[in-house]
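The values are calculated or read from the model by the stated rules, or taken from the named source; none is laboratory data. Predicted, not measured: the structure shown is a model, and the values here were computed from it. Cβ sites come from the backbone with ideal geometry, for glycine too, and all protein chains shown count toward neighbours.
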Amino acid sequence: MTGKKEPDDGRYAYEGLDRLLHEKARLGILTSLAARADGILFTDLKGLCNLTDGNLSRHLTVLQEAGLVDIHKGYRGRRPQTLCRLTDAGRKRYLDYIAVLESVLADAVAAARLTRKARRVLPEGFSPA
């Protein structure tokens, strides 16, 4: 190895996999919100994502602090309600993240196809332990 970067160096690093969005519950929240531009009530979002009140509240706080989600508190009749919506920045960041996920899937499919076609032969000079 010469220390020179090969063209494929870092090919599978997937720098765009944003840790904030990649967490399972937050990904579910963002996907739910992305599907409904007008927003989702907290109780409906809780059911869609199968989260407890406290867990959903904590994840929404993280997303709100990052500028990805807006939280609107109000009333319907005498009942308090919380409406959750993606911000414009949140929608863009989510779509960028999905584009990276699509590239991960495309790479995985391509690798699986190559593996099926290739013979499973050990490289020359390689001896198993």
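For the reader, a short list of remarks on this structure follows.
- Every residue from segment 11-36 that is hydrophobic (A, V, I, L, M, F, W, C), without any contact (Cβ under 8 Å) to a residue 24 or more places away in the chain and over 22 Å from A106 (Cα atoms): A35
- Segment 26-43: number of residues that are surrounded by fewer than 17 Cβ atoms within 10 Å (Cβ to Cβ) and modelled with pLDDT of 95 or more: 7
- Taken over segment 12-23, the criterion of being surrounded by 10 or more Cβ atoms within 10 Å (Cβ to Cβ) and either in a loop (DSSP other than H, G, I, E, B) or touching a strand residue (DSSP E or B) at 6+ places or on another chain (Cβ under 7 Å) (or both) is satisfied by Y12, Y14, G16, L17, D18, E23.
- Residues (in contact (Cβ under 8 Å) with a residue 60 or more places away in the chain and more than 27 Å from the chain's Cα centre (by Cα)) located in segment 73-102: none
- Which numbered condition K46 fails, given (1) surrounded by 16 or more Cβ atoms within 10 Å (Cβ to Cβ); (2) basic (K, R); (3) under 14 Å from the mean Cα position of the chain (by Cα): (3)
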